[in-house]
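Structure first, then comments.
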Amino acid sequence: MAEFSFDVVSEYDHAELTNALDQARREVGTRFDFKGTDPQIDHKGDLIVLEASTEDRAKAAYQVLVEKAARRGLSGKLFKPEAPKTVGRGRGQIEVKLNAGISDDLARDLQKRIRNVSPKLQVRIQGDQLRVVSKEKDTLQAVIKALRDAEDIPVPLQFTNYR
């Protein structure tokens, strides 16, 4: 009998993130409520730094970034903002870490959640992804639905290699 499987991963499209950052930079540069606040959005590796004339304007720039990312298909769970802080000359700054990848603890938690759906499933942790194998497609679809509906998973999940 045939076996069906899929992989659970947590990653993001770098090109879409770059496009979302460019769109956010353009919008905060042209919007009237950002006039004179000199907003800046810098991306360095897994860190995005938002800076504006005040902490409130930096928070507003963060909201613009999240909206643009959502339009490009990036999950809001991808962004982990730290508390706004005041830097030189009273400027507000927010550091946003990119939250992707499945840690070992999260992989074990996901493994338990998947086994709760059906104990007949085989779940293997392979580095930073999980392989879920079953003899029934319906069971796999139930697992995907259960993981998508779970609000307390801290990273965005994607389901790839569905066979």
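What follows is calculated from the coordinates using simple rules that are stated; it is not laboratory data. Note that this is a predicted model, so its numbers are computed, not measured. As a convention, Cβ positions derive from the backbone with ideal geometry for all residues, glycine included, and neighbour counts pool all protein chains shown.
Counting Lys +1, Arg +1, Asp -1, Glu -1, what net charge surrounds Lys97 among other residues with beta carbon under 13 Å of its beta carbon?
On the way: positive: Lys44, Lys77, Lys80; negative: Asp46, Glu82, Glu95.
Combined, the nearby Lys, Arg, Asp and Glu give 0.
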Between 0 and 90°, nearest 10: helix 14-30 axis offset from the chain longest Cα axis: 30 degrees
Degrees between helix 137-149 axis and first principal axis of the chain (Cα, 0 to 90, nearest 10): 30 degrees
Helix axis angle, 104-117 relative to the chain longest principal axis, alpha carbon, degrees: 50 degrees
Whether segment 14-98 is rounded, prolate or oblate, judged on the alpha carbon gyration tensor where a/c under 1.5 counts as rounded: oblate
Estimated inter-spin distance, Lys44 and Asn161, nm [label 7 Å along Cα→Cβ]: 3.5 nm
Local electrostatic count, Glu3, Cβ distance below 10 Å [Lys/Arg +1, Asp/Glu -1]: +1
